[in-house]
Amino acid sequence: MNEEQKKRHQSEMELFQNVVNQQRYDKNKFYSLHKPFTKCIAKGKPHKQYEFGNKVGLITTGEKGKKIITAIKAFLENPFDGHTIEPLLNQMETNNLKLPKELVYDRGGKGRSEIKGVKITIPGKAKANETRYRKQQKRKKCRARAGIEPLIGHLKTDFRMDQNYLSGAKGIQINALMSATAWNMKKMMEKLKQEFLYFIFRPFLQQNFYYIAA
């Protein structure tokens, strides 16, 4: 065997030995031999307390019905939900995208009210000095944020993000990126379809018809 094969064989033997020797309550346990980066993620839901896989964070635009994914990132480790925001903003900066002024997140994003000049808004008890208008605006934003849950469901079921069939640690990021690309292309095609139909039927829409009843 050459040097590279020896290193690979040694790492595989160490993995097998760790799997055999690990105990129930050990930290950083291995759950998959062919994908050792698989993590146990606590969901906190009665019907599904745990999931095995990797976390994927994403940022979408806030426009109703036309949510475009501007950043998506898969995480090898199992970070706290609030710690996934900054890497996503860094990805937007790397892609020369303008950072949003405000980011609406769920209750898992507690801890920081501002990251890179972006205001972080999470649901919570209203402050005593907030006006009624501000309370309504915050409630409206948090309700609109719930619209991202069906989007995640579509990415899993319709765009194959539920199961990663690519090998290697980079495969989870490639799989997530391909799912987000397919979603954005679908939204783009819907927009082009609307513009095409409007271009075709515009002469008929501009005409004025008058009917006389005798």
Semi-axes a, b, c in Å (a largest) for segment 125-177, each sqrt of 5 times a Cα gyration tensor eigenvalue, come to 38, 12, 6
If you fit an axis through the alpha-carbon atoms of helix 170-206 and take the longest principal axis of the Cα set of the chain, what angle between them do you get, 0 to 90°, nearest 10?
10
Please compute the net charge surrounding residue 165, taking Lys and Arg as +1 and Asp and Glu as -1 over other residues with Cβ under 14 Å from its Cβ.
+3
Angle between the Cα long axis of helix 132-145 and the longest principal axis of the chain, 0 to 90 degrees, nearest 10?
60
With DSSP loop assignment and no more than 15 other C-beta atoms within 10 Å, the chymotrypsin sites (Phe, Trp or Tyr not before Pro) in segment 97-200 are 165
Calculate, in whole percent, how much of the Cα-Cα pair population of segment 94-167 lies beyond 20 Å.
50
Show me, bin by bin at 5 Å from 0, the whole-percent P(r) of segment 1-45 based on Cα pairs.
4, 19, 23, 20, 14, 9, 6, 3, 1, 1
Volume per residue of the C-alpha convex hull in segment 40-132, rounded to whole Å³:
153
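Going through the cross-link list 66/156; 43/141; 39/116; 138/170; 45/73, which pairs have a Cα-Cα distance over 26 Å in this structure?
39/116; 138/170
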Working from Cα positions, state the angle (0 to 90°, nearest 10) between the long axis of helix 148-157 and the longest principal axis of the chain.
60
With no solvent and one point per C-alpha, what does the Debye sum give as log10 I(q)/I(0) for segment 13-79 at q = 0.12, 0.20, 0.27, 0.29 Å⁻¹?
-0.47, -0.92, -1.16, -1.21
Dividing the convex hull volume of the alpha carbon atoms of the chain by its residue count, what do you get in Å³ per residue?
254
Per DSSP helix of 4 or more residues, -39500 (n - 2.57); summed, then divided by the residues of the chain. What does that give at 222 nm, rounded to the nearest 500?
-14000 deg cm²/dmol
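Each value in this text was obtained by applying a stated rule to the coordinates, not by laboratory testing. Predicted model, so just to flag it, every value in this text is computed and none were measured. Heads up, the Cβs are rebuilt from the backbone with ideal geometry, glycines too, and the neighbour counts pull from every protein chain shown.
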